[in-house]
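The values are calculated or read from the model by the stated rules, or taken from the named source; none is laboratory data. What you are looking at is a predicted structure, and each value in this text was computed from that prediction instead of being measured. When we count neighbours, we look across all protein chains shown, and the Cβ atoms used for this are built from the backbone with ideal geometry, even at glycine.
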Amino acid sequence: MLFEADDEIVIGADKDALPGITFVPVPEAKEIKNRLHIDLAPDDQDAEVERIIALGARRTDVGQPGSATFVVLEDPEGNEFCVLSPKNSLID
């Protein structure tokens, strides 16, 4: 679930549950490659990509092959992350 408060965005089961991931915006613009790369592993890749794009992300090309099973997105500040295919679809 996604929770927003006081310029922070928290992803977790509950706003007070651990573990969770907290994102805090910074005033500086991105200047170099991300130091941390996040891969999201949803149950439904297409639905998750659509949802994230609706929140402000956009598709980006970082040199991934056309046969890639992941989708590369970037947030409004240009930070790249991937949305993976569900693990069970890789076994089929």
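Looking for something part of a strand (DSSP E or B), touching a Cys at 6+ places or on another chain (Cβ under 8 Å) and exposed (fewer than 13 other Cβ atoms within 10 Å of the Cβ) - is there at least one such residue anywhere in region 39-48?
First, pick out the residues of region 39-48 that are part of a strand (DSSP E or B): 39-40.
Those left that are additionally touching a Cys at 6+ places or on another chain (Cβ under 8 Å): 39-40.
Next, only the ones that are exposed (fewer than 13 other Cβ atoms within 10 Å of the Cβ) stay: 39.
Yes.
With the condition kept exactly as written, say whether any residue in region 52-74 is loosely packed, with under 15 Cβ neighbours inside 10 Å, touching a residue at least 12 places away in the same chain (Cβ under 8 Å) and under 16 Å from residue 11 (Cβ atoms).
Yes, the conditions are met somewhere in region 52-74.
Could you say which residue among 76, 65 is on the phi < 0 side of the Ramachandran plot and out of contact with any strand residue (DSSP E or B) (no Cβ under 9 Å at 6 or more places or on another chain)?
65
Look at residue 53 and say whether it is within 17 Å of residue 78 (Cβ to Cβ) and within 13 Å of the chain's Cα centre (by Cα).
yes
Filter region 12-36 down to residues that are surrounded by 11 or more Cβ atoms within 10 Å (Cβ to Cβ) and in a loop (DSSP other than H, G, I, E, B) and give me whichever is modelled with the lowest pLDDT.
15
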